[in-house]
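Presented below is the structure to which this report refers.
The values are calculated or read from the model by the stated rules, or taken from the named source; none is laboratory data. Everything numeric in this text was worked out from a predicted model, so none of it was measured. Quick reminder, even Gly has a Cβ in these numbers, built from the backbone with ideal geometry, and neighbours come from all protein chains shown.
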Amino acid sequence: MTKQCRVFSAVLALGVIAGLALPALAQSQEVKEKPRMYTYVALWSLPRAQWGDWVKNEEADQKILQDAMAKGTLVGYGDDVNLVHQPEAPTHDDWFQSMSMAGLMNVLDQFYKSGSTQSPLELAATKHWDNIYVSRYYNWHAGAVKDGYSYGSSYKLKEDAPEDALDTLAKNAIVPVLEKMLANGTISEYEIDSEAVHTDAPGTFWIFYLAPNADALDKVNQAIRDEVKGNQLIGPAFDSMVDFKPHRDYLARTNGTYK
């Protein structure tokens, strides 16, 4: 999960969103919210000299994650390496997903008991923080993606946005486009997240997709441009609900496995 700060793409930045189609705020195929999916993300700022040790550190965690997936406790897990570095941003993260908060906590407890949270690499981190997210709009292709690309963005709803603003945008603008790209294999996974445990002010949401290769990044952009060409209705709706000043984008190399 895709997923330092779990953020979505430049493809849904203001310039593209302004063109998304929202005919009468309705789509021909109804989008329904799904059961809640929870994601635990551990983020790290590692000294550059330690970056080469990241792969070995992740390999040491695989047995716990694979066993939890086999038992049905987890539905997904993976790790990210940030490609666009910022002074206060993480360089690496790992994540796992469950259909319950209990599932997350049970796996996290295994990591603590195994001693992996005290590994030399993690102790070398200059900064570390965790986030727990919840999603009701998501989908994926089962299997593993190695060295894919997570592209994400964060958005902040305006204070006067309707209570169902995120549902409206997800059902009528965001999910239909991403489902088409998932169906034709351009992307391998997508989700729309908000915080389940608030470490930031409420109202922020994250949208991201996982692309299996670099070429897919361009295909996503082109697919959205083709989808939105000539449509004018979503711009005013999105502008009325979203404050774009806090908007940020994110790009990472990702290994992810989905049930």
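A compact table of results
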read-out	value
Some residue of the range 130-146 being closer than 25 Å to I207 by Cβ, exposed (fewer than 15 other Cβ atoms within 10 Å of the Cβ) and of a type in the set (F, W, Y)	no
Within the range 168-207, considering residues that are crowded, with 24+ Cβ neighbours inside 10 Å and acidic (D, E), the one nearest to A144 (Cα to Cα)	E189
Matching entry among L210, L157 (being crowded, with 17+ Cβ neighbours inside 10 Å, at pLDDT 95 or above and under 29 Å from G52 (Cα atoms))	L210
Conditions (1) over 30 Å from R136 (Cα atoms); (2) surrounded by 11 or more Cβ atoms within 10 Å (Cβ to Cβ); (3) over 22 Å from the mean Cα position of the chain (by Cα): number failed by K63	(1)
Residue list for the range 83-100, filter: surrounded by fewer than 21 Cβ atoms within 10 Å (Cβ to Cβ), touching a residue at least 24 places away in the same chain (Cβ under 8 Å) and polar (S, T, N, Q)	S100
Any chance A173 is out of contact with any Lys or Arg (no Cβ under 6 Å at 6 or more places or on another chain) and at pLDDT 90 or above	no
Number of positions in the range 187-203 that are of a type outside the set (G, A, S) and modelled with pLDDT of 95 or more	8
Pairs where the first residue, in the range 56-75, is among the acidic types (D, E) and the second is in a helix (DSSP H, G or I), C-beta under 9 Å, 6+ apart	D61/F111; D61/S114; D61/S116; D67/Q110
Conditions (1) of a type in the set (F, W, Y); (2) more than 24 Å from V175 (Cβ to Cβ); (3) in contact with a Ser or Thr (Cβ under 7 Å, 6 or more places away or on another chain): number failed by Y38	(2)
Test result for A42, within 20 Å of the chain's Cα centre (by Cα), closer than 19 Å to H128 by Cβ, buried (at least 17 other Cβ atoms within 10 Å of the Cβ) and of a type in the set (A, V, I, L, M, F, W, C)	yes
Matching entry among D239, D218 (being modelled with pLDDT under 95, within 21 Å of D80 (Cα to Cα) and surrounded by fewer than 20 Cβ atoms within 10 Å (Cβ to Cβ))	D218
